[in-house]
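First comes the structure, then the notes that go with it.
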Amino acid sequence: DFKTLFIGNPIRGKIIKVSKEEGYKILDLNKENPIILISGASQGSKSINQAVLKALPFWREQNWQIIHLTGEKHFNEVKENSKNLLNGSKLKYYCFPYLEDIQYAYVVCSLIISRGGATTLSEITALGIPAVLIPYPYSLDFHQYYNIDFLVRNKAAIMLKEEELNKLPELILELFSNPLRLEELSVNSKLLGKPRAALEISEIIFNFLLKKGEVNEKI
């Protein structure tokens, strides 16, 4: 007999195994001030990078710390263009091409601005991170839109379409002026998370093989 089980998308174990204290220490961040993680996925996103650069002057008086993952091919351009935007401002802005150990940024961030790939959303919800999500407009069958829409319908994220990126500065200011909204997004995101998906899948496979007599119970 076959049946369908909804387990969730497996995520890397290290995503949920680090502490906030480790994150603050590794990234050298101030635990007293909000942290925003911005990522355009592994390759980076030119449109998101440009939107962030346009937004920085609007955010300069905020005591936020921004970690911006630009993608390798965009890094030098973003770093150069951001140099003179924040002289004398309260905002702390750090850009990197990529973070191999993104779990340290995940665990400390107050908000993530990101694309809507399945793995990313699985990691975000496992940790209950409030999110503003921008679907990649050229994804197959526009699947990122439907990924994100599921979170939006469950009040676990906010969707911002590519053509709406000009709204980013005001949207983020509005969110941080409403901590209850951020808390609502976080709680609802956590409810959708499946941090044990990989373990549950392995347990199902093991128990199936055990019944078939193909593995030893003592393994």
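Of the chymotrypsin sites (Phe, Trp or Tyr not before Pro) found in region 1-81, those that fall in a DSSP loop while having at most 10 other beta-carbon atoms within 10 Å are PHE2, PHE6. GNM remark for the chain: springs join alpha carbons under 10 Å apart, and the peak mean-square fluctuation among SER89, SER122, SER39 falls on SER89. Taking 0.36 nm per residue of sequence separation and removing the Cα-Cα distance, the ASN76/GLU163 pair yields an extension gain of 28.8 nm.
Summed over the residues of the chain and divided among them, the accessible surface reaches 58 Å² per residue at a probe radius of 1.4 Å. Starting from a Cα-only point model with no solvent, please compute log10 I(q)/I(0) by Debye for region 128-167 at q = 0.15, 0.23, 0.33 1/Å. At q = 0.15, 0.23, 0.33 Å⁻¹ the computed log10 ratios are -0.33, -0.73, -1.12. Legend: calculated FRET efficiency, ARG60 to VAL152, from the Cβ-Cβ distance at R0 = 35 Å, rounded to 0.05, equals 0.75. Tell me, rounded to the nearest percent, the portion of alpha carbon pairs in region 60-159 spaced more than 25 Å apart. Counting every Cα pair in region 60-159, those more than 25 Å apart make up 27 percent. Can you flag which of LYS14/LYS83; LYS17/LYS211; LYS17/LYS79; LYS31/LYS190; LYS31/LYS161 are past 29 Å Cα-Cα? Pairs exceeding 29 Å: LYS14/LYS83; LYS17/LYS211; LYS17/LYS79; LYS31/LYS161.
By the rule of a C-alpha distance below 20 Å, with chain neighbours fewer than 8 residues away ignored, the aspartates and glutamates paired with LYS25 are GLU100, ASP101. Surface composition of region 1-93: carbon and sulfur atoms hold 48% of the protein heavy-atom accessible area at a 1.4 Å probe.
Within straight-line reach of LYS155, meaning a Cα separation under 19 Å, sit the following aspartates and glutamates at least 8 residues removed in sequence or on another chain: GLU123, GLU174, GLU183, GLU184.
Distance from the C-alpha centroid of region 129-143 to that of region 1-73: 15 Å, rounded to the whole angstrom. Annotation: amide H of ILE36 within the under-5 Å range of GLN65, ILE66, ILE67, SER110, sequence separation 5 or more or interchain, hydrogens built in the peptide plane. Between ILE7 and ASP28, the FRET efficiency estimated from the beta carbon spacing at R0 = 35 angstrom works out to 0.40. To the nearest ten degrees, helix 197-212 and the longest principal axis of the Cα atoms of the chain are 10 degrees apart.
Extension gain, SER19 to HIS143: 0.36 nm times the residue separation minus the Cα-Cα distance gives 41.4 nm. Here Cα extents along the principal axes in Å was computed from the coordinates, and among (i) 81, 48, 37; (ii) 68, 39, 37; (iii) 57, 32, 26 the match is (ii).
The values are calculated or read from the model by the stated rules, or taken from the named source; none is laboratory data. These figures come from a predicted structure and were not determined experimentally. For neighbour counting, all protein chains shown are included, and Cβ atoms are generated from backbone atoms with ideal geometry for every residue, glycine included. Surface accessibility is based on the protein's heavy atoms, side chains included, excluding ligands, DNA and RNA. Shrake-Rupley method; radii C 1.70, N 1.55, O 1.52, S 1.80 Å.
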